[in-house]
Amino acid sequence: MNIRHLLIVDLVMDLGSVSAAARRLRVSQPSITKTVHLAEQELGIPLFRRVGGRLQPTPEAQLLLPEVKRLAGFVENLRDLADQIRDGRSGRIRLATSSSIANSIVPDAVALLRQDWPSLSVDVMAYATKDAIEQVSRNEADLAIADVAVRDPGLEASVLCEADMVCVLPRDHPLASAPHLSAKALSGESIITFSDTTTLGRAVRGAFHETQPRFQIASTVNQSTAACAMVARGLGVAIIDPFPVLAGAYGGLAMVRFVPELAIRPVLVKRRDLPQSQLALAFQTAIRAAISQIAARSDVLREVKE
C-alpha cells in the first residue's frame, strides 16, 4: 500500500473535489485522478462516486476514513518531528555512566544542551563502569562515561578530564580543614573505598600498607555515591573520586585531597562503526563545557582538551 496515495485520497475527501486537491498540492488534475484510481486498485474497492458534480466518499471509503485520518496524522507528526530534529529542537540521547558522574557532570551538561535543544529527551542509565561500556558495545547506549581503560577495538574513547582522589569526611571532622590527607594522617579511621579488584582500590591499599602493614579496609563499595552515604551515617571516612561531593548532593560532607596523588581520567566512549547524530555531537560538546565550568571552581578536577 502506497502511503502517498492514501494521503491524497484523504485530501480529496476533505476538499470534495479533484480540482481543489490539485490546487492545494500544485499538481495537475489528471495526476490526482490517476492517484485515486491507483489507490482504488490497491484496495480493491471504489472510494468515490460523483453526486451533484462533487465527489462523495463511498460507504466503503467511509469505513476506511478513521484509519486514513489516523495515518495522515501519524505522517504529519513524523514530518514535524523530523523538522524539530533538523532544526535542533528535539532528539533523544542514551547515556550510560556511573552514578557519581550521573549525579554531577551530567545534569549540568543536559542543562547546557537544553538551551539549544529544548525538547531533548535524555535517558541516563547508571551502571558499574564495565557495564556502562558494555551498553555502548551492544548499541543500547549512544555514549558512555567510564573511568577504566577501554580495550574493545570497536569502541573509541577520549579523555574528558582528570580528577584527584579525595578523602570525604563529615564537615565537623577534626581533619576536614586539612590542606591534604595522607594514609598516615588517617591512621585509626574506618576507611571506606573501592574493592581490591579495581585499580583505584589497589592503589589506595598500597598507600596505606606503606605506613601500616596490617591495615584493613573497613568497608568497600562499587559506587562512590554509596561511600558518601556511609560517611554521612558516621560509618567512616571515604577515599573516592570527588564527583559526588562536587555535585553538591552531600552538604554535610567535606573533601580533602588525598596524598600521594591518585587520579582518575574519565573517558567518553562511543562506537567506531556508527555515525554520531547531531545531538550526540552536541552532547559531547556540552559535557566538556560542563566539566570546564566545574573545574573552574574546584582544585581537584582538571579538564583535558581534545
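Just one of the numbered conditions (1) surrounded by 13 or more Cβ atoms within 10 Å (Cβ to Cβ); (2) touching a helix residue (DSSP H, G or I) at 6+ places or on another chain (Cβ under 8 Å); (3) without any contact (Cβ under 8 Å) to a residue 12 or more places away in the chain; (4) not aliphatic (A, V, I, L, M) is not true of SER28: (1). Between SER158, SER195, the distinction of being loosely packed, with under 15 Cβ neighbours inside 10 Å, among the polar types (S, T, N, Q), within 26 Å of SER292 (Cα to Cα) and in contact with a strand residue (DSSP E or B) (Cβ under 8 Å, 6 or more places away or on another chain) belongs to SER158 only.
Among the residues of region 122-139, write down those that are farther than 18 Å from ARG272 by Cα and either in contact with a Gly (Cβ under 7 Å, 6 or more places away or on another chain) or β-branched (Val, Ile, Thr) (or both). Those that are farther than 18 Å from ARG272 by Cα and either in contact with a Gly (Cβ under 7 Å, 6 or more places away or on another chain) or β-branched (Val, Ile, Thr) (or both): VAL122, VAL124, THR129. Summed over region 47-64, residues that are loosely packed, with under 13 Cβ neighbours inside 10 Å and under 20 Å from ILE3 (Cα atoms) total 2. All but one of (1) touching a residue at least 60 places away in the same chain (Cβ under 8 Å); (2) on the phi > 0 side of the Ramachandran plot; (3) not aromatic (Phe, Trp, Tyr) hold for GLN223, so report the exception by its number. That leaves (2) as the condition not met. Within region 180-192, being over 20 Å from ASN222 (Cα atoms), surrounded by 20 or more Cβ atoms within 10 Å (Cβ to Cβ) and in contact (Cβ under 8 Å) with a residue 40 or more places away in the chain holds for LEU181, LEU186. For region 169-176, the condition of being assigned to a strand (DSSP E or B) and either under 22 Å from GLU306 (Cα atoms) or not assigned by TED's automatic domain parsing to the domain that holds PRO244 (or both) holds for none of the residues. State which residue is surrounded by the most Cβ atoms within 10 Å (Cβ to Cβ) when the search covers only region 199-220 and only residues that are under 19 Å from ILE101 (Cβ atoms) and touching a residue at least 24 places away in the same chain (Cβ under 8 Å). Out of the qualifying residues, it is LEU200. For region 197-241, filtering for residues that are closer than 14 Å to VAL259 by Cα and among the aliphatic types (A, V, I, L, M) leaves 7. Taking ALA20 as the residue in question, decide whether it is hydrophobic (A, V, I, L, M, F, W, C) and either within 30 Å of ASP241 (Cβ to Cβ) or buried (at least 20 other Cβ atoms within 10 Å of the Cβ) (or both). No. Would you check which residues across region 270-286 are of a type in the set (D, E, K, R) and either free of Cβ contacts under 8 Å to residues at least 12 places away in the same chain or out of contact with any helix residue (DSSP H, G or I) (no Cβ under 9 Å at 6 or more places or on another chain) (or both) and list them? Matches in region 270-286: ARG272, ASP273. Would you point out which residue out of THR97, THR129 is modelled with pLDDT under 90, touching a strand residue (DSSP E or B) at 6+ places or on another chain (Cβ under 6 Å), closer than 30 Å to ILE240 by Cα and assigned by TED's automatic domain parsing to the domain that holds LEU279? It is THR129. Looking across ALA282, ALA238, ALA296, one residue alone is out of contact with any strand residue (DSSP E or B) (no Cβ under 8 Å at 6 or more places or on another chain), surrounded by 15 or more Cβ atoms within 10 Å (Cβ to Cβ) and either assigned by TED's automatic domain parsing to the domain that holds ILE145 or at pLDDT 90 or above (or both). It is ALA282.
The values are calculated or read from the model by the stated rules, or taken from the named source; none is laboratory data. Quick caveat: nothing in here was measured; it's all calculated off a predicted structure. Note: ideal-geometry Cβ built from the backbone for every residue, glycine included; neighbour counts use all protein chains shown.
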